[in-house]
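Worksheet: one structure, shown below.
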Amino acid sequence: MKRIGILAIALLPMSVVAGNPEDMKTLKNTQVCENCDFAGSDLRWANVYAAELGGAPNLVGAVMNGSNFVGANFYGANLEAAQFVGADLTDADLRWASLLGANFSDANMTGAKLDGAIFCQTVMPDSSVNDANCL
């Protein structure tokens, strides 16, 4: 059974800098944004419960500190250098995501699916560095 994500987004502050403004518009209008470009976006404090962001969206360098991504689908996403400090990623799907240089300090990753995720210089919730896939 394919999970259909329900996306609710509430941002504090309301200004968001997105890598591609059209993708942010799609996200707001459709509540789903697969294959979107949010590179360098400021999504701090976003409430994106059960978001459908799979299909390898570009979230390189995005700032998502303190955000709610409970049950979110990041399957295959490019999360290189993304910031998830203090974010809630409970039951999130991060399988096959690129997590090179990502920062998950103080994030809640209880039940997160990490099979196939690529770790290199990845800061884990306990502030340890995971270099499992570095060359």
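Please determine, by comparing only the residues of the range 89-103 that are surrounded by 20 or more Cβ atoms within 10 Å (Cβ to Cβ) and not hydrophobic (A, V, I, L, M, F, W, C), which one is nearest to Asp126 (Cα to Cα).
Step by step, filter the range 89-103, then rank; the result is Asn103.
Could you grab the pairs with beta carbons closer than 7 Å, sequence gap of 6+ or different chains, first residue in the range 96-123 and over 13 Å from Asn78 (Cβ atoms), second one among the acidic types (Asp, Glu) and assigned to a loop (DSSP other than H, G, I, E, B)?
Filtered contacts from the range 96-123: Gly111/Asp91; Ala112/Asp91; Phe119/Asp131; Cys120/Asp131; Gln121/Asp131.
Based on this model, can you work out whether Phe69 counts as buried (at least 23 other Cβ atoms within 10 Å of the Cβ), of a type outside the set (A, V, I, L, M) and touching a Ser or Thr at 6+ places or on another chain (Cβ under 9 Å)?
When the stated conditions are applied, Phe69 passes them.
Pick from the range 89-117 the residues that are outside any loop (DSSP other than H, G, I, E, B) and at pLDDT 95 or above: which of them is farthest from Gly61 (Cα to Cα)?
Result: Lys113.
The values are calculated or read from the model by the stated rules, or taken from the named source; none is laboratory data. Please read all numbers here as calculations on a predicted model, not as lab measurements. Counting neighbours? That spans all protein chains shown, and the Cβs are built from the backbone with ideal geometry, glycine included.
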